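Only the coordinates and a few stated rules stand behind these numbers; no lab work does. All figures in this text were calculated on a predicted structure; none of them were measured in a lab. Virtual Cβ from ideal backbone geometry, glycine too; neighbours counted across all protein chains shown.
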Amino acid sequence: MKKIIFLTIITAILAFFYLPSEVKCKSYDPCELIKTSDIQAFFPDKQANITKHDTKPVNPLGQKICYWSLSDTDMFFVQLSISSDDDAKAMKVNKQFENNKQFIDGVKTIEGLGDSAYYGGSGLKLGAGLHVLLKDKGIMFNIMIGLGRGNNDQQKHIDIEKKLAQKIIEGLK
């Protein structure tokens, strides 16, 4: 009987230490997740300047935004929006991700990024850009670029946004 009690206690202790715990997340500064040099690599003839830098969430969903302007006269830009479970007060990021996706027309699934990723088109419309969910980090982010007025090359948008997303993911490891 003592052996059974001892084994039960040992099993309980081991289970406590080895069972997966909740996702460990933290708050991130979006302007620190992409290097200006990474942006300049895609826009070598442009100068990237941060014109919006949120260090605190701007809404109950925990969203923070960094905006790099690449032109004073045309729509060349990079914008990174990130939400974390650490900052979100209204809804966890995995729920936000799925909720947002259902309200975007023409969603294109993107393979090979995070736990899930989709592209919502280009332009200054709701849901535009590349959206990525990283469950193990408790974050989701949206990377959006502008390639100049009238540039509707969706594949070029996807290619650049995907490469920038990969840089962000690498930096989070």
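For this structure, a couple of remarks:
- A Förster distance of 30 Å, applied to the separation of the beta-carbon atoms of A90 and K26, puts the FRET efficiency at 0.95.
- In the chain, inverting the average of 1/r over every pair of distinct C-alpha atoms gives 17.6 Å as the Kirkwood radius.
- Pair L126, V58: separation of 7 Å Cα→Cβ label points (nm): 1.6 nm
- Fully extending the segment from Q40 to D115 would add 24.2 nm, taking 0.36 nm per residue of separation and subtracting the current Cα-Cα distance.
- A crude spin-label estimate for the pair Q155 and Q102, with each label 7 Å from Cα along the Cβ direction, gives 3.3 nm.
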